[in-house]
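The values are calculated or read from the model by the stated rules, or taken from the named source; none is laboratory data. Computed from a prediction, not measured in an experiment: that's the story for all the values here. Every residue, glycine as well, gets a Cβ built from its backbone with ideal geometry; the counts of neighbours run over all protein chains shown.
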Amino acid sequence: MTDDLLERPMLQADPLGRLAAPDPAADHGAITRLADDLLPALIAKLTASGLGELEVRQAGWRIRLRMPAGRSTERGGGERRGGSHGRAQPGHAGHGHAPAAVEAGHRDGRGLLAVGPGRPDVDGDGAGERASTERAERHRVVTSPAVGFYEPRRDVTSGRRVHEGDRLGTVDVLGIRQDVLAPVDGIVGASLVEPGEPVEYGQELLNLELLGEPTAVGAAAPSEAPPTPVEPAGTEAAGVEVEVAAPPPPALDGQTVDSTAQAGPA
Amino acid sequence: MFERVLIANRGEIALRVLRACRELGIGAVVAYSEADRDSLAVQLADEAICIGPADARRSYLSAPAIVSAAVVTDCDAIHPGYGFLSEDESFADVVRAHGLTFIGPPAEVLERFASKEGTRHLLARYGLPIIPGSEGMLRDEAHALEEAERIGYPVLIKPSAGGGGKGMRMVRTPRELDGAIKVCRSEAKAAFGDDSLYLEKWIEDNRHVEVQVAVDRFGHGIHLGERDCSVQRRHQKILEEAPTPALSEAAREDLCERAVRAVVAAGYENVGTLEFLVDERGEFYFIEINCRIQVEHPVTEMLTGIDLVALQLRIAAGEPLGISQGEVELRGHAIEFRINAEDAAHDFRPQAGPVERFLAPGGPGVRLDSHLYSGYEVPPYYDSLLGKLVVWGPDRATAIARGEVALRELLVEGLITNADFHRAILANPMFLDGRVTTNLLDRVGAGAFLAAAASGTAERQRDAAASGTAEGRRDAAAGAAGGEAAGAGRR
């Protein structure tokens, strides 16, 4: 039942429940952060901004996101199959399997929107529109992996720093507990469901405030990554360089290249 | 009676069950997958709960997800609809283990009738004729060849589990049998997780006639007449009607009475359907039982005025039938057209996408069970059934005429449907004569059917202009269609 969670690369959470840090070794931390942390935020940014193309360079990696022509001002939630509408492009081929992982993460039908695993926006529902707006730029909503009764972990309280793959709580499905895992590194924010309450599949459980969010699109600015217990090697203090390529002519219609430019959600 | 029922299905049947619950004053909770968030049943339900992603294995086929949804929404029963988990005895068992009622036969009854082969022999003991077939399951190729020799070719290879034509092959020679066994085994394994096969004598020009029964917990059983489902394409029913044109009234009565006697004796419970093959001489053979509500149940409802889903709920709640056989009156003639999102001109390719405009036909004796609405987006993950158009008339000719009018009125913009294909069937002389056999469509070819209907229309218009009589028009249409169809059939 937890196979949806297994699709993503997961970091270790130790069995005693102590919140573990990601493996600081090698590029993996950076790649994971790029794929699962930065990318969703960028996607949300791109979707909301009405821009045509977005490229980010960080620690030797480069990611370019491109909206297909005519899509950049459409509402983000109306997409049925988001996977083909742009994907991460690793800039350097020399890093073996890692760039493929970045790509694969967005080819498996989860599409190009920053939402939790339980609520893929490829289905095009209203929640996706919400997620693709400003809120999603800084937050990630953790959703329920199953139908049952929700029980948050008592020590996962607001303000707590968690890592991707950490167990944040459980959903009791007929007496069998299914883990609610952190989809990304972040800081625990508002809880949206009371302990013991029944939840449906995909229901929003709590907010995670993202770490290392990209700043204004269009104005190349360094990211202000909040202090983290263990910073993956190679990403520390790495500036995020955002390149904005010329958007496709029909879509922009005089819009300024500005992070505040948003495709207004319906 | 139940307080709240969880509807664990989708599409038109979720809506149908919802309506029945409403009528009986039962609360209804619709369980849906993420792909069905915008479905009509979800919109109309008292409450709806998302049970999983679009992939049916993790939503409509997930017993834990469904039972958990029933528990968290305080339901006391689960209606499985048809397909998915509707005949799964272990699901019924899990439902009961959690203190809920499965709306259908109890788990042990489902188990008793789970094996098609076992059921044939069980009901044969209670007086139903069965098609000569293999003794038990086929052990290996040598056993299959031996049994086929004994029964006599052609034979039909059938999987013990499942339905819908998967893992099924007709073979005419030992060599064909040898090759087909492996294919059938792997198909059956993939579709049902069970690769046991058996053989049946193939009856060339057969008709599919089924008897609707209802049996309560106290062993009172009634039949509600039969339905003819001979209009099939690749073992898929596309049009059903009642009464069957294949049998005389006396023969129909005999069939139905024997069917209900046998299932009552064998300990069946709740509504169910016994399927029979009828050969050219009118002899009938029991083939299988469906322990669920069927897609084509409205045909029977039109004839009897009895709500079969309500009956299902009452029986599952432990109530007595409350109707005797003498009170079941079969009136007139009904035809059901399965409206599918498929392109008949391109090998019935399934369609998905938005319905731009939708208009339901109406008038006396016209019923449409459909979950469509303008703006609805048909998801690509499930079957292509958009709804069922059911027409009733005091006689077959009136029902056909009403069907023709209603099919023409039905408007589904944005998707290609098989409505024109149904009209082609209505124009076919074999159908008009009530002589359609289950192999007809596949033998003649769907293309020939459509072409015949098209040329029939042209001729009808010409002829109508000349003669100006309804009689002349019909004859012209039948003649033109007949020539084409028969010609193609000889190939």
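Okay, residues lined up against (1) buried (at least 21 other Cβ atoms within 10 Å of the Cβ); (2) at pLDDT 95 or above; (3) under 20 Å from B:Met430 (Cβ atoms):
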site: B:Gly162; (1), (2), (3): no, no, no
site: B:Ala190; (1), (2), (3): no, no, no
site: B:Leu199; (1), (2), (3): yes, no, no
site: B:Val215; (1), (2), (3): yes, yes, no
site: B:His220; (1), (2), (3): no, yes, no
site: B:Glu241; (1), (2), (3): yes, yes, yes
site: B:Glu249; (1), (2), (3): no, yes, no
site: B:Ala265; (1), (2), (3): no, yes, no
site: B:Val271; (1), (2), (3): yes, yes, no
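I'm checking my understanding of the structure. Among residues of segment B:23-67 that are within 13 Å of chain A (Cβ to nearest Cβ), among the acidic types (Asp, Glu) and not in a helix (DSSP H, G or I), which one is nearest to B:Tyr376 (Cα to Cα)?
In this case the residue turns out to be B:Asp38.
Out of segment B:68-90, which residues are assigned to a helix (DSSP H, G or I) and within 13 Å of chain A (Cβ to nearest Cβ)?
Listed by number, the residues that qualify are B:Ser68, B:Ala69, B:Ala70, B:Val71, B:Val72.
Condition first: of a type outside the set (A, V, I, L, M, F, W, C), more than 14 Å from chain B (Cβ to nearest Cβ) and surrounded by fewer than 20 Cβ atoms within 10 Å (Cβ to Cβ). Now tell me which residues in segment A:173-203 satisfy that.
A:Asp179, A:Gly189, A:Ser191, A:Pro195
Are any residues in segment B:212-234 in a strand (DSSP E or B), within 28 Å of B:Gly267 (Cα to Cα) and basic (Lys, Arg), and if so, which ones?
Result: B:Arg227, single match.
Looking only at strands (runs of 3 or more DSSP E) that fall completely inside segment B:347-458, which ones have 3 or more residues that are surrounded by 17 or more Cβ atoms within 10 Å (Cβ to Cβ) and touching a residue at least 40 places away in the same chain (Cβ under 8 Å)?
B:366-370, B:385-393
Select, from B:Leu313, B:Leu321, the only residue that is crowded, with 23+ Cβ neighbours inside 10 Å, farther than 29 Å from B:Asp395 by Cβ and in contact with a His (Cβ under 8 Å, 6 or more places away or on another chain).
Result of the check over B:Leu313, B:Leu321: B:Leu313.
For segment B:198-213, how many residues meet the condition of being out of contact with any Gly (no Cβ under 7 Å at 6 or more places or on another chain) and of a type outside the set (D, E, K, R)?
Final tally of qualifying residues: 6.
So which residues in segment B:164-217 are touching a Pro at 6+ places or on another chain (Cβ under 6 Å) and touching a residue at least 40 places away in the same chain (Cβ under 8 Å), if there are any at all?
B:Leu197, B:Lys201, B:Trp202, B:Asp216 - these are the residues of segment B:164-217 that are touching a Pro at 6+ places or on another chain (Cβ under 6 Å) and touching a residue at least 40 places away in the same chain (Cβ under 8 Å).
Which members of segment B:176-207 meet the condition of being among the basic types (Lys, Arg) and closer than 22 Å to B:Asp442 by Cβ?
Within segment B:176-207, B:Lys201, B:Arg207 meet the criteria.
Residues are listed down the side, and each one gets a yes or a no for (1) aliphatic (A, V, I, L, M); (2) crowded, with 20+ Cβ neighbours inside 10 Å; (3) within 30 Å of B:Val17 (Cβ to Cβ):
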{"position": "B:Phe102", "(1), (2), (3)": "no, yes, yes"}
{"position": "B:Ala114", "(1), (2), (3)": "yes, no, yes"}
{"position": "B:Val171", "(1), (2), (3)": "yes, yes, no"}
{"position": "B:Val183", "(1), (2), (3)": "yes, no, no"}
{"position": "B:Gly193", "(1), (2), (3)": "no, no, yes"}
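So which residues in segment B:9-56 are within 23 Å of the chain's Cα centre (by Cα), among the polar types (S, T, N, Q) and farther than 19 Å from B:Ile293 by Cα, if there are any at all?
B:Ser39 - this is the single residue of segment B:9-56 that is within 23 Å of the chain's Cα centre (by Cα), among the polar types (S, T, N, Q) and farther than 19 Å from B:Ile293 by Cα.
Give just the number: which of (1) assigned to a helix (DSSP H, G or I); (2) more than 30 Å from B:Ala14 (Cβ to Cβ) does B:Val260 not satisfy?
Going through the list (1) assigned to a helix (DSSP H, G or I); (2) more than 30 Å from B:Ala14 (Cβ to Cβ), B:Val260 breaks only (2).
Any idea which of (1) at negative phi; (2) out of contact with any helix residue (DSSP H, G or I) (no Cβ under 9 Å at 6 or more places or on another chain) is the one B:Gly375 doesn't satisfy?
Just one mismatch for B:Gly375, condition (1).
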